[in-house]
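Colleague: Below is a structure I'd like to ask you about.
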Amino acid sequence: MLAVIGGTGLGQLEGLVRERDELPETPWGKPSAPLVHGRYQGAPVIFLPRHGEGHRLAPHEINYRANIDALRQAGVNEIIAVAAVGGIESRLEPGTLALPEQIIDYTWGRAQSFSRPGEVIHADLTHPYSETLRQRLRQAASVAGAPLVDGGVYGATQGPRLETAAEVDRLERDGCTMVGMTGMPEAALARERGLDYACLAVSVNHAAGRGSPGQSIHASIEASLSEGMARVRAVLAAFISAAPA
Ligand code: HPA
C-alpha cells in the first residue's frame, strides 16, 4: 500500500476519493493528523499531511515516529514524501521538481529512532531513498511531462527559521543542492521500519543568498507553491496509473 506524506502546499490530496479517516494511537503518540484512506485514480492510497490539519505543526514539532509508525500499522510499505525545498543549485528554479538521492542531516533534538532504552538500532542509511521508487517517480515525471532534476543532496535543517546566506554557503560546500526542514528523521525512521521511501521535492524558492538580490523568499514561496504542487499532483497521478495492480 502506498502512502503520500504531504508537506507545505500539499495539505490535502486533490483527486483523492476519501473513504475513511483514521487517527490511530501508536506507542509514540498520535500522527500529525488522521490518516486519510482513499482511492486515487482507483488505487488505494493513504494520505497524511505532515504539518497537521491547517499546517499547525512546525518542522521540529512533528511527531515523525508516530507518523511513520501509524503508516506502517495501516499496512503501508511505500511512502512518497512530498517536500517543499529551497533550491541551492541553479537548476532548482522555483517551481522545479527534484528527486534527491542523498541527505545530510543538520537537525537536532528530534526523536531519531524507534529504539527503546537498552536497545540499539543502527539502520543502514547509505542510500537513504529507495532506488525502485525513485526510478518509478522518474518515469512518472516523464509521462506527466514535469521537468525534474534527478539526483541531488537534501540538506535537512532544523528551522523553523530560514537559513542565513552563510549557512547556505556552508550547505553548498558540504554538497547540498537543496535545503528543507523535514527530510530527517523521517527518512531514517522509514528505513528503521523497513518501508520504501523516496522524496519528491519541489523547489519553491532560491535558498537564502541565492537568486536575485532583494528577492523575498516568502514572496517566491507564495508565487511558486501552487505551480510546483500542480506538477506534484500530475506526477503522483502518473505514478499511480503506472503502478502494478
Ligand atoms: N530553507 C529551508 N526549508 C525550506 C526552504 C528553505 O529555503 N524553502 C522551503 N523549505
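The values are calculated or read from the model by the stated rules, or taken from the named source; none is laboratory data. These numbers come from a predicted model, not from an experiment. Glycine gets a Cβ as well: all are built from the backbone with ideal geometry, and neighbour counts include every protein chain shown. Each accessible area value is taken on the protein alone, full model and side chains, heavy atoms only, with ligands, DNA and RNA left out. Shrake-Rupley method; radii C 1.70, N 1.55, O 1.52, S 1.80 Å.
Colleague: Name the residues in region 193-214 that are over 18 Å from the mean Cα position of the chain (by Cα), among the polar types (S, T, N, Q) and within 12 Å of the ligand (Cβ to nearest atom), would you?
Modeller: Within region 193-214, no residue meets the criteria.
Colleague: Quick one: in region 2-19, which of the residues that are surrounded by 14 or more Cβ atoms within 10 Å (Cβ to Cβ) and at pLDDT 95 or above is nearest to the ligand (Cβ to nearest atom)?
Modeller: ILE5
Colleague: Continuing with this model, one more query. Pairs, please: C-beta under 8 Å, at least 6 apart or cross-chain, first residue farther than 20 Å from GLN41 by Cβ and in region 16-27, second open to solvent by 90 Å² or more (accessible area, probe 1.4 Å)?
Modeller: Cβ pairs passing all conditions: LEU23/LYS30; PRO24/LYS30; PRO24/GLN73; THR26/GLN73.
Colleague: Also: Given the condition away from the ligand (no atom under 14 Å from the Cβ), in contact with a helix residue (DSSP H, G or I) (Cβ under 6 Å, 6 or more places away or on another chain), assigned to a helix (DSSP H, G or I) and open to solvent by 80 Å² or more (accessible area, probe 1.4 Å), answer yes or no: does some residue in region 121-131 qualify?
Modeller: Within region 121-131 (the criterion being away from the ligand (no atom under 14 Å from the Cβ), in contact with a helix residue (DSSP H, G or I) (Cβ under 6 Å, 6 or more places away or on another chain), assigned to a helix (DSSP H, G or I) and open to solvent by 80 Å² or more (accessible area, probe 1.4 Å)), the answer is no, since none of the residues qualifies.
Colleague: Okay, next question. Working carefully through the options GLU22, GLU93, GLU78, find the one that is closer than 22 Å to TYR154 by Cβ and open to solvent by 50 Å² or more (accessible area, probe 1.4 Å).
Modeller: None of the others qualify; the one that does is GLU93.
Colleague: Go over the candidates THR177, THR164, THR182 one by one and state the one that is within 24 Å of LEU2 (Cβ to Cβ) and either polar (S, T, N, Q) or at pLDDT below 95 (or both).
Modeller: Selected residue: THR182, the only one of THR177, THR164, THR182 that is within 24 Å of LEU2 (Cβ to Cβ) and either polar (S, T, N, Q) or at pLDDT below 95 (or both).
Colleague: Hey, another quick one. So, in region 134-162, how many residues would count as being more than 23 Å from TYR106 (Cβ to Cβ) and either touching a residue at least 40 places away in the same chain (Cβ under 8 Å) or buried (at least 19 other Cβ atoms within 10 Å of the Cβ) (or both)?
Modeller: Total meeting the criteria: 12.
Colleague: In addition: Output the residue which, of all residues in region 172-188 that are under 21 Å from GLY95 (Cβ atoms) and buried (at least 24 other Cβ atoms within 10 Å of the Cβ), is farthest from the ligand (Cβ to nearest atom).
Modeller: Within region 172-188, the match that is farthest from the ligand (Cβ to nearest atom) is THR177.
Colleague: Right, next: Looking at region 56-68, I want the residues that are open to solvent by 20 Å² or more (accessible area, probe 1.4 Å) and have a partner that is assigned to a helix (DSSP H, G or I) with Cβ atoms under 7 Å, at least 6 apart or on another chain. Which pairs are those?
Modeller: Hits for this filter: ARG65/LEU189.
Colleague: Let me ask something additional. Taking region 96-114 only, how many residues are open to solvent by 40 Å² or more (accessible area, probe 1.4 Å) and more than 15 Å from ASP150 (Cα to Cα)?
Modeller: 7
Colleague: Then there's this: Restricting region 137-169 to residues that are of a type in the set (D, E, K, R) and over 22 Å from GLU227 (Cα atoms), which is nearest to the ligand (Cβ to nearest atom)?
Modeller: Applying the filter and picking the extreme gives GLU163.
Colleague: Of all residues in region 208-242, which are touching a strand residue (DSSP E or B) at 6+ places or on another chain (Cβ under 8 Å), surrounded by 15 or more Cβ atoms within 10 Å (Cβ to Cβ) and outside any helix (DSSP H, G or I)?
Modeller: Answer for region 208-242, where residues must be touching a strand residue (DSSP E or B) at 6+ places or on another chain (Cβ under 8 Å), surrounded by 15 or more Cβ atoms within 10 Å (Cβ to Cβ) and outside any helix (DSSP H, G or I): ALA208, ARG210, GLY211.
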